[in-house]
Amino acid sequence: DSGVTQTPKHLITATGQRVTLRCSPRSGDLSVYWYQQSLDQGLQFLIQYYNGEERAKGNILERFSAQQFPDLHSELNLSSLELGDSALYFCASSEDRVTDTQYFGPGTRLTVL
Amino acid sequence: DAKTTQPNSMESNEEEPVHLPCNHSTISGTDYIHWYRQLPSQGPEYVIHGLTSNVNNRMASLAIAEDRKSSTLILHRATLRDAAVYYCILGGAGSYQLTFGKGTKLSVIP
């Protein structure tokens with residue numbers, strides 16, 4: 001158990017819909033990262049927040065957005081969903097900015113029908 | 001981003017040591033070498049990291065070449081639970097995200 005929690009575990013929705021994925025980091029960790037893992041693209045970094053502020057952006061689509069709240073939990077919002085958005089979405093957290101050791105949650109499996 | 005090269009797959013017998021290689025010839029002086037693994041249907045799991053010296057922890061050992069252009073993750077006694085995809089990743093200060101490659105899929109034979 002990494003100490004990072006993600007909800008929900010599974011999500012099934014239809015094209016065009018909007019969903020919100022939630023992540024609670026390990027106690028004391030200020031950084032939260034979001035990653036997407038699909039069969040054809042592998043694990044890809046989406047976005048990082050540090051203490052409530054966006055710190056780094058990766059291959060995140062404009063239809064996707066994220067935020068980190070004062071209690072440090074984070075939400076990833078996916079809108080206008082397409083079939084290709086079906087994937088595993090992982091959240092990770094870290095406290096050590098120099099070595100960037102990240103602890104991953106169990107993931108949310110999103111299926112878009 | 002500095003890149004790493006790993007074999008696509010490796011096999012090991014249970015209870016034998018496993019040496020997983022990684023080449024990173026373009027590593028910069030400030031890059032740490034991280035190893036993560038991903039068991040089936042789970043999130044990636046931190047294994048070990050190092051900068052210049054060899055490192056040991058309860059999970060594994062990391063041997064880093066003197067020129068830092070390669071490293072080896074050593075599992076001292078493979079178990080069935082070690083069957084996973086192992087990723088060698090470079091990162092450090094100012095490079096917060098992890099860039100995952102395809103990794104090495106380790107199979108452990110009973």
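The values are calculated or read from the model by the stated rules, or taken from the named source; none is laboratory data. Source: prediction; values computed, not measured. Note that each Cβ is placed from the backbone with ideal geometry, even for glycine, and that neighbours are counted across all protein chains shown. The area values use the complete protein model at the heavy-atom level, side chains included, leaving out ligands, DNA and RNA. Shrake-Rupley method; radii C 1.70, N 1.55, O 1.52, S 1.80 Å.
Every test in (1) of a type in the set (D, E, K, R); (2) surrounded by fewer than 21 Cβ atoms within 10 Å (Cβ to Cβ); (3) within 23 Å of A:ASP1 (Cα to Cα) is passed by B:GLU16 save one, and that test is (3).
Step by step: first the residues of region B:50-108, then only those that are of a type in the set (Val, Ile, Thr) and loosely packed, with under 15 Cβ neighbours inside 10 Å, then the one that is nearest to the other protein chains (Cβ to nearest Cβ). Which residue is that? This residue is B:THR52. In region B:23-44, the residue that is surrounded by the most Cβ atoms within 10 Å (Cβ to Cβ) out of those that are in contact (Cβ under 8 Å) with a residue 12 or more places away in the chain and in contact with a Phe, Trp or Tyr (Cβ under 8 Å, 6 or more places away or on another chain) is B:PRO44. In the set (1) on the phi > 0 side of the Ramachandran plot; (2) within 13 Å of the chain's Cα centre (by Cα), A:GLN67 fails one condition alone, (1).
Residue-level analysis places A:ALA56 among those that are closer than 20 Å to B:LEU98 by Cβ, modelled with pLDDT under 95 and open to solvent by less than 40 Å² (accessible area, probe 1.4 Å). Scan region A:68-89 for residues that are open to solvent by 10 Å² or more (accessible area, probe 1.4 Å) and either within 14 Å of A:SER24 (Cβ to Cβ) or aromatic (Phe, Trp, Tyr) (or both) and the total you get is 7.
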